[in-house]
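A.B. asks: Below is a structure I'd like to ask you about.
The values are calculated or read from the model by the stated rules, or taken from the named source; none is laboratory data. No experiment lies behind these values; they were computed from the predicted model shown. Every residue, glycine among them, receives a Cβ derived from its backbone with ideal geometry; neighbour counts consider all protein chains shown.
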Amino acid sequence: MPNAAPSTPGPAPIRVPESLAASLVDCLGEAGRGWVARLPSLAAGLMERWRLRLAGPPAHGVLGLVLPVLRADGTPGALKLQPVDEETVGEPVALRAWDGRGAVRLLAHDPATGSMLLERLDPNRSLHAVPDDLAALRVLAGLLARLTEHQAPPGLRHLADLADAMLAQVPAALAALADPGDRRLVADCAAALREVRPEPGDRLLHWDLHYGNVLAPEGSDGRAPWLAIDPKPLAGDPGFELLPALHNRWADLAATGDVRRALHRRFDLMTDVLGLDRARATSWTLARVLQNALWGVEDGGTTLAPTQRAVAEALLTR
């Protein structure tokens, strides 16, 4: 009786990076541990359904795994797997609305798991790598202007609701802060938010557009030199988008020898490119400082982060 032909082994199972597994457990506890256990089979099932082949080592953020893949026709893609929460649930909605105009293009989406197949960008080429921080900021501001041209689709979280929740948390945060100066700044930020809360806006916001969330495409297809990734979509006023780009690349600000003046220069450049009213953008940026302060207190902090304090002081004392 002839020997049976040896079976062809299937693709090796996806290995979850230890650093991602630790981050998921740290952030989500047992739910994160369960997600880590499900990731290999989830990835394998989607790769079979979407006819994908693994094309390199995985990358990851705090909670999400990104696998470089090749599609059936040989074009590159990136399979993104992440737990769905109130911040990430709207990501495919926003990416469809932008349709590759200023943001990474969504190629496929699995509503049951929140998994997405995206066009492949180069994870090693972000705006952090652009030596001139103002040149990098011009790119980022131009992307923000393009992204916020869109009215937010139905169903996304709204800045008005976030604002109300933030204002409700202010009394407890003031009681938790140890320094009187920090308490004054938080109170001033809350007052600024109350001024603009009646008009929260209706634009499609990215909510987390910093230099590391702007990548270059792999190769040069001529479509766009830089594209936004990882939105946490929100409907609201574009002024709420400015803070991440103000306090990221802080070493570049410090190197000028005059942090306050450098912050003003960044803020003015962004408001000019986006065509924003500066007084209103100032209030929404202070609201974003308030949000970060509230998150810090929620995590047990009793002082403001120095960068947040510097931004608030720079905007409040112009």
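A.B. asks: Among the residues of the stretch 297-315, what is the count of those that are of a type outside the set (A, V, I, L, M, F, W, C) and assigned to a helix (DSSP H, G or I)? Steps first, please.
C.D. replies: Going through the stretch 297-315, the residues of a type outside the set (A, V, I, L, M, F, W, C) turn out to be 298-303, 306-309, 313.
Retained after the next criterion (residues that are assigned to a helix (DSSP H, G or I)): 298, 306-309, 313.
Residues meeting the conditions: 6.
A.B. asks: Of all residues in the stretch 37-74, which are touching a Leu at 6+ places or on another chain (Cβ under 8 Å) and among the polar types (S, T, N, Q)?
C.D. replies: none
A.B. asks: Turning to a different aspect of this structure: Tell me, please, whether a residue that is more than 15 Å from W284 (Cα to Cα) and small (G, A, S) can be found in the stretch 178-201. Break it down stepwise before answering.
C.D. replies: Here is the first cut: in the stretch 178-201, the ones more than 15 Å from W284 (Cα to Cα) are 178-184.
Retained after the next criterion (residues that are small (G, A, S)): 178, 181.
So far as the stretch 178-201 goes, yes, one or more of its residues are more than 15 Å from W284 (Cα to Cα) and small (G, A, S).
A.B. asks: Could you grab the pairs with beta carbons closer than 8 Å, sequence gap of 6+ or different chains, first residue in the stretch 222-251 and not assigned by TED's automatic domain parsing to the domain that holds V84 and buried (at least 24 other Cβ atoms within 10 Å of the Cβ), second one of a type in the set (S, T, Y) and assigned to a loop (DSSP other than H, G, I, E, B)?
C.D. replies: The qualifying pairs are P238/T148; E241/T148.
A.B. asks: Follow-up question, since we're still on this one. Which one of these does R96 not meet: (1) within 15 Å of the chain's Cα centre (by Cα); (2) within 26 Å of L42 (Cα to Cα); (3) assigned to a helix (DSSP H, G or I); (4) not aliphatic (A, V, I, L, M)?
C.D. replies: (1)
A.B. asks: Can you tell me how many residues in the stretch 257-271 are more than 18 Å from R309 (Cβ to Cβ) and free of Cβ contacts under 8 Å to residues at least 12 places away in the same chain?
C.D. replies: 2
A.B. asks: Could you tell me whether any residue of the stretch 64-80 is part of a loop (DSSP other than H, G, I, E, B) and surrounded by 18 or more Cβ atoms within 10 Å (Cβ to Cβ)? Step through it out loud before you land on a result.
C.D. replies: To start, the set of residues in the stretch 64-80 that are part of a loop (DSSP other than H, G, I, E, B) comprises 64, 71-75.
Checking which are surrounded by 18 or more Cβ atoms within 10 Å (Cβ to Cβ) leaves us with 64.
Yes.
A.B. asks: Related question: If the requirement is being in the same structural domain as G201 (by TED's automatic domain parsing) and under 18 Å from M166 (Cα atoms), which of these qualifies: T302, T271, T307?
C.D. replies: Working: T271 fails: under 18 Å from M166 (Cα atoms); T307 fails: under 18 Å from M166 (Cα atoms).
That would be T302, the only listed residue that is in the same structural domain as G201 (by TED's automatic domain parsing) and under 18 Å from M166 (Cα atoms).
A.B. asks: Can I ask one more? Scanning for something in a loop (DSSP other than H, G, I, E, B), acidic (D, E) and exposed (fewer than 14 other Cβ atoms within 10 Å of the Cβ), does the stretch 42-52 turn up at least one residue?
C.D. replies: Just the residues of the stretch 42-52 that are in a loop (DSSP other than H, G, I, E, B), to begin with: 50-52.
From the residues that got through so far, the ones that are acidic (D, E) too are none.
For the stretch 42-52, residues in a loop (DSSP other than H, G, I, E, B), acidic (D, E) and exposed (fewer than 14 other Cβ atoms within 10 Å of the Cβ): absent.
A.B. asks: If you go through the stretch 133-142 one residue at a time, do you hit one that is part of a helix (DSSP H, G or I), out of contact with any helix residue (DSSP H, G or I) (no Cβ under 7 Å at 6 or more places or on another chain) and of a type in the set (D, E)?
C.D. replies: No, the stretch 133-142 contains no residue that is part of a helix (DSSP H, G or I), out of contact with any helix residue (DSSP H, G or I) (no Cβ under 7 Å at 6 or more places or on another chain) and of a type in the set (D, E).
A.B. asks: To continue, here is another question. Of the numbered conditions (1) crowded, with 16+ Cβ neighbours inside 10 Å; (2) more than 17 Å from the chain's Cα centre (by Cα); (3) not assigned by TED's automatic domain parsing to the domain that holds G34, A145 fails exactly one; give the number of that condition.
C.D. replies: (2)
A.B. asks: In the stretch 115-137, what residues are crowded, with 18+ Cβ neighbours inside 10 Å and touching a strand residue (DSSP E or B) at 6+ places or on another chain (Cβ under 9 Å)? Outline the logic, then answer.
C.D. replies: Start the filter on the stretch 115-137 by keeping residues that are crowded, with 18+ Cβ neighbours inside 10 Å, which leaves 115-121, 126-127, 130, 133, 136-137.
Answer for the stretch 115-137, where residues must be crowded, with 18+ Cβ neighbours inside 10 Å and touching a strand residue (DSSP E or B) at 6+ places or on another chain (Cβ under 9 Å): S115, M116, L117, L118, E119, R120, L121, S126, L127, A136.
A.B. asks: Answer yes if at least one residue in the stretch 148-160 is surrounded by 17 or more Cβ atoms within 10 Å (Cβ to Cβ), assigned to a helix (DSSP H, G or I), in contact (Cβ under 8 Å) with a residue 60 or more places away in the chain and in contact with a helix residue (DSSP H, G or I) (Cβ under 9 Å, 6 or more places away or on another chain), and no otherwise.
C.D. replies: There is at least one residue in the stretch 148-160 that is surrounded by 17 or more Cβ atoms within 10 Å (Cβ to Cβ), assigned to a helix (DSSP H, G or I), in contact (Cβ under 8 Å) with a residue 60 or more places away in the chain and in contact with a helix residue (DSSP H, G or I) (Cβ under 9 Å, 6 or more places away or on another chain).
A.B. asks: Of all residues in the stretch 72-97, how many are more than 17 Å from R157 (Cβ to Cβ) and in contact (Cβ under 8 Å) with a residue 60 or more places away in the chain?
C.D. replies: So the count comes out to 1.
A.B. asks: What about L286, is it touching a Cys at 6+ places or on another chain (Cβ under 8 Å), surrounded by 24 or more Cβ atoms within 10 Å (Cβ to Cβ) and modelled with pLDDT of 95 or more? Walk me through how you get there before you give the answer.
C.D. replies: Working: touching a Cys at 6+ places or on another chain (Cβ under 8 Å): yes; surrounded by 24 or more Cβ atoms within 10 Å (Cβ to Cβ): yes; modelled with pLDDT of 95 or more: yes.
Yes.
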